Amino acid sequence: MKHRINFDEGHGVLNIHFVGEITPEEYIALNEKYKSWPGEKPKRILIDLSETDLSTWVPWDRETRKRVNRSIEPFSKDTKVAVLGVTAISKMVMKIAFNVLGVIKTSKFFNTKQEAIFWLKE
């Protein structure tokens, strides 16, 4: 898988870095990694979309969306999610995803990693 997930212990932030196209299979595999995270799930998450282009994303068909939604483990209500590397179109896509994940009120978009980490640690 070209996408990466790791925990930055220095900042207490889970980093999810998407690279290239986001296929349903890779999205589900990344979510499986999150679901199997040992211990308590991280409450501060940084999603980096700077190496993908959601503006060219072709929406998945209805059956694919159902399969992906069944695989998703929603974040807890107190999870903060910061996102880097978004365009206007990818921001709309991410807002829909955040609504499904239950973090629409605790998510924010940033231009730099430093700004995102500062906000996550507030």
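The values are calculated or read from the model by the stated rules, or taken from the named source; none is laboratory data. Please read these numbers as outputs of a predicted model, since none were measured by experiment. So basically every Cβ, Gly included, is an ideal-geometry build from the backbone, and we count neighbours across all protein chains shown.
Out of (1) touching a strand residue (DSSP E or B) at 6+ places or on another chain (Cβ under 9 Å); (2) on the phi < 0 side of the Ramachandran plot; (3) modelled with pLDDT of 80 or more, the odd one out for LEU101 is which?
(3)
Between a first residue in the range 3-14 that is closer than 16 Å to GLU40 by Cα and a second residue that is part of a loop (DSSP other than H, G, I, E, B), which pairs have beta carbons less than 6 Å apart while being 6 or more apart in sequence or on different chains?
From the range 3-14, the pairs are LEU14/PRO42.
Filter the range 1-39 down to residues that are among the charged types (D, E, K, R) and at pLDDT 90 or above and give me whichever is farthest from the chain's Cα centre (by Cα).
GLU9
Can you confirm whether the range 40-63 contains a residue that is closer than 26 Å to GLU122 by Cβ, at pLDDT 80 or above, crowded, with 17+ Cβ neighbours inside 10 Å and of a type in the set (Lys, Arg)?
yes
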